[in-house]
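Enquirer: Can you keep this structure in mind? I'll have questions shortly.
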Amino acid sequence: MRYETLLQAIGLLLLIGGAVACSGPRKVATGTNVLGTGTLSVRGPEPVAALRPPFFGARQLLRKAVADGVFPGGVVIGGRRDSVMYADAAGTYSPDDSTPVDTATVYDLASVTKVVATTTAVMMLVADGKLGLDTLAVTYVPEFTTGRSRPITIRHLLTHTSGLPAYRRAYLETQHPRAALDSLLSTPLQYEPGDTTVYSDIGAIVLGLAVEHISGRPLDEFTRGRIFFPLGMHSTTFRPPTDWIHRIAHTERDSTTGELIRGVVHDENARHLGGVAGHAGLFSTGPDLARFAVWMLDAYHGRVPPANTMYVPPDLVREFTTRQAGPEESTRALGWDTPDPDSSTAGDLMSRSAFGHTGFTGTSIWIDPVEELFVIMLTNRVSPTRDNLDIKFVRGPMADSVYVGIKNGVTR
C-alpha cells in the first residue's frame with residue numbers, strides 16, 4: 001500500500017482505535033509526570049502506554065511509515081498537561097545501522113531549534129526587560145549590516161516579515177566561518193520589511209546573535225543555563241559530546257565523503273558556523289521535548305510561580321504563540337507557527353490556539369493550550385537522502401491519531 005491509499009487506511013485505524021477505546025469501562029492511567037527525575041524507556045521494553053487501545057492508530061501509523069521507508073526510525077510522544085500518555089518508538093538508526101530506536105534516541109531537531117532554543121531565549125529576554133520586540137535588530141546586532149539602512153525589527157525577524165530571503169549557501173562562499181557569518185549578515189533584502197512573509201533561516205541567525213550580544217553568553221550556554229538545565233532537559237544540547245554518539249540517529253549521507261552524518265548538525269550553514277546557530281543545531285529526545293511542552297503549557301496558563309527562574313508572564317507567552325496580524329494571510333506567531341489547513345502538519349483536530357514548528361530532518365512539536373495536550377514526533381527522514389519527501393503524508397495524520405488517542409484514553 002502506497003500513499004494514494006494511506007489516508008484511507010489512517011482513517012480506518014483512527015475509527016478502530018476510537019471504537020476500542022470507547023467500547024467498555026476501561027480506565028486508563030494518566031501517564032508519567034515528565035517533570036519528575038525519572039526517564040521513559042531507555043533500551044528497555046516498549047512503554048506500556050504504546051499498547052493501549054486508544055493509541056492503536058498512532059502505533060500502526062508509525063510502523064507503517066517505517067516499513068514504507070518514510071524514515072528509518074522515529075519516536076512519537078503525546079501527552080496532556082503534565083502527563084505523558086503515549087510514548088512509542090519504531091525502526092532503526094539508519095538503513096545501514098540496525099540499532100533499534102527507543103524513546104531515549106537523540107535526534108537532530110533542525111528548525112525546531114528556532115522555537116525550543118532561539119524563540120524561547122528571546123521571550124525570556126523580553127520578560128527580563130532587556131529586549132524590545134519593536135526595537136531595530138541592529139541595536140542588538142551592530143554587525144547586521146543589512147539592518148543599518150533598513151528598519152528591520154525583532155518582531156519582523158520573529159514573524160519572518162523582515163524582507164530577508166529564505167536561505168543563502170554561505171557555507172559555499174568562504175571556508176572561514178566568520179566570513180560566512182558576515183556574508184549572511186549583509187544579505188540584500190528581497191522585500192521591504194513588513195510587506196511579505198518569507199520563512200527565513202537568516203532572520204533566525206540574527207535573533208540568535210541578538211541573544212548572545214544581550215546576554216553576553218554564547219547561545220548554547222545561555223539556553224543550557226536558562227532553559228534546558230532548569231527543566232531537566234539533560235539530553236538536549238548543541239554540539240553533542242562524543243560519548244553520546246551511540247544514542248544519536250544518523251541523518252543524511254554526505255554527498256562528498258559518502259559517510260552518514262551523525263552527531264553533527266545536518267544543516268550546512270549551521271555546521272559551517274561551528275554547530276551553534278539560531279536556526280538549527282539543537283539535538284534532543286522526545287522525553288526532553290515533553291518536559292519543554294509541559295513548561296510551555298504551564299507558562300501559558302500562569303501555573304509557573306513568579307519566583308521561579310522559569311517564570312515568563314502568561315500574557316507574553318500568549319503573545320508569542322498567537323498568530324500575528326500582517327500584510328497578508330500568514331500562519332506565523334512570534335517565532336512559532338500555527339496550524340495551516342493547506343499543509344496540515346499539525347493535523348486537522350487541534351484548536352485554532354495551537355502552536356508548533358517543524359524541522360527539515362523530520363521533526364515536529366505541536367502544543368494545544370485549549371485541550372492542554374502536545375504531540376512530538378522525531379525522525380531522521382533525511383537518512384539516507386533529503387530527497388525523500390513522504391513525511392508530508394504522515395505528520396498531520398500522526399498528530400490527529402495521537403490527539404484522538406489522548407482524548408479517548410484520558411480519564412480524570
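The values are calculated or read from the model by the stated rules, or taken from the named source; none is laboratory data. Every value quoted in this text rests on a predicted model; they were computed, and no experiment measured them. Cβ sites come from the backbone with ideal geometry, for glycine too, and all protein chains shown count toward neighbours. For accessibility, only protein heavy atoms count, side chains too; no ligands or nucleic acids. Shrake-Rupley method; radii C 1.70, N 1.55, O 1.52, S 1.80 Å.
Enquirer: If eta is 0.890 mPa s and T is 25 °C, what Stokes-Einstein diffusion coefficient results for segment 169-236, Kirkwood Rh from Cα pairs, in µm²/s?
Expert: 172
Enquirer: Output ³J(HN,Hα) for segment 384-393: one whole-Hz value per residue in order, computed from phi by the Karplus curve 6.51 cos²θ - 1.76 cosθ + 1.60 with θ = phi - 60°, and x for Gly and Pro.
Expert: Residue by residue, segment 384-393 yields x, 9, 6, 6, 7, 10, 5, 4, 4, 8 Hz.
Enquirer: Using amide H atoms built in the peptide plane, which far-off residues or other-chain residues are under 5 Å from GLY73 H to H?
Expert: It is THR92, ASN380, by chain and number.
Enquirer: Follow-up. If you split all Cα-Cα distances of segment 91-186 into 10 Å bins from zero, what percentages do you get per bin, shortest first?
Expert: Going from the shortest bin to the longest, the percentages are 13, 31, 30, 16, 9, 0.
Enquirer: Once the Cβ-Cβ distance between SER344 and HIS213 is put in as r, and R0 is 56 Å, what FRET efficiency do you end up with, to the nearest 0.05?
Expert: Computed FRET efficiency for SER344 and HIS213: 0.90.
Enquirer: Still on this structure, please answer the following. To the nearest 10 degrees, how steep is helix 56-67 against the longest Cα principal axis of the chain, on a 0 to 90 scale?
Expert: Rounded to the nearest ten degrees, it is 70.
Enquirer: Net charge within 13 Å of SER255 by Cβ-Cβ distance, Lys/Arg positive one each and Asp/Glu negative one each, not counting SER255 itself?
Expert: It works out to a net charge of -3.
Enquirer: A further question on this structure: For the ranges 310-316, 136-142, 240-246, what's the packing order if you count other beta-carbon atoms within 10 Å of each residue, average per peptide, and put the highest first?
Expert: In decreasing order of mean packing, 310-316, 136-142, 240-246 become 136-142, 310-316, 240-246.
Enquirer: Something else: Could you state the accessible area per residue of segment 158-285 in Å², with a 1.4 Å probe and every protein chain left in place?
Expert: 41
Enquirer: Rounded to whole Å, give me the distance from the Cα center of segment 140-189 to that of segment 98-123.
Expert: The two parts, judged by their Cα centres, are 24 Å apart.
Enquirer: Right, next: Among 188-198, 217-227, 114-124, how do they line up from the highest to the lowest mean number of other beta-carbon atoms within 10 Å?
Expert: Listed from highest to lowest mean packing, they are 114-124, 217-227, 188-198.
Enquirer: Report, in degrees rounded to the nearest 10, the 0 to 90 angle that the Cα long axis of helix 395-409 makes with the longest principal axis of the chain.
Expert: Tilt relative to the chain: about 50 degrees.
Enquirer: From the C-alpha coordinates alone, can you work out the Kirkwood hydrodynamic radius of the chain, in Å?
Expert: 21.5
Enquirer: What's the carbon and sulfur percent of segment 226-379's accessible surface, probe 1.4 angstrom, rounded to a whole number?
Expert: With neighbouring chains kept in place, the figure for segment 226-379 is 50 percent.
Enquirer: Amide H neighbours of THR99 under 5 Å, counting only residues 5+ apart in sequence or on other chains, H built in-plane at 1.01 Å?
Expert: Hits under the 5 Å cutoff: TYR93, SER94.
Enquirer: Still on this structure, I have one more. Where does helix 6-21 land angle-wise versus the long Cα axis of the chain, in degrees 0 to 90, nearest 10?
Expert: With rounding to tens, the tilt is 60 degrees.
Enquirer: Next question. If you only keep lysine pairs separated by 8 or more in sequence, or across chains, how many in the chain come under 30 Å at the Cα atoms?
Expert: So the count of such lysine pairs works out to 9.
Enquirer: Suppose a student asked you for the relative contact order of the chain, using Cα pairs under 8 Å spaced at least 6 residues apart; what percent would you report?
Expert: Once divided by the residue count of the chain, the mean separation gives 24 percent.
Enquirer: Could you work out the relative contact order of segment 180-305, using alpha carbon pairs under 8 angstrom and six or more residues apart, expressed as a whole percent?
Expert: 26
Enquirer: Now for a separate question. Compute, for HIS357, the solvent-accessible surface of its heavy atoms (probe 1.4 Å) with the complete set of protein chains present, and express it in square angstrom to the nearest 10.
Expert: We get 10 Å² for HIS357.
Enquirer: Residue by residue through segment 272-278, which ³J(HN,Hα) values in whole Hz follow from phi under the Karplus form 6.51 cos²θ - 1.76 cosθ + 1.60 (θ = phi - 60°), with glycine and proline marked x?
Expert: 5, 7, x, x, 10, 7, x
Enquirer: Now for a separate question. Using the Cβ atoms and a cut-off under 13 Å, what net charge is assigned to the surroundings of TYR403, where Lys and Arg are +1 and Asp and Glu are -1?
Expert: Its environment carries a net charge of -2.
Enquirer: Take the Cα coordinates of segment 258-412, assign each an equal point scatterer, and use the Debye formula without solvent to give log10 I(q)/I(0) at q = 0.14 Å⁻¹.
Expert: Debye curve over Cα of segment 258-412, log10 I(q)/I(0) at q = 0.14 Å⁻¹: -0.81.
Enquirer: Would you mind counting up the charge near THR338? Only other residues with Cβ under 10 Å from its Cβ, with Lys and Arg at +1 and Asp and Glu at -1.
Expert: +1
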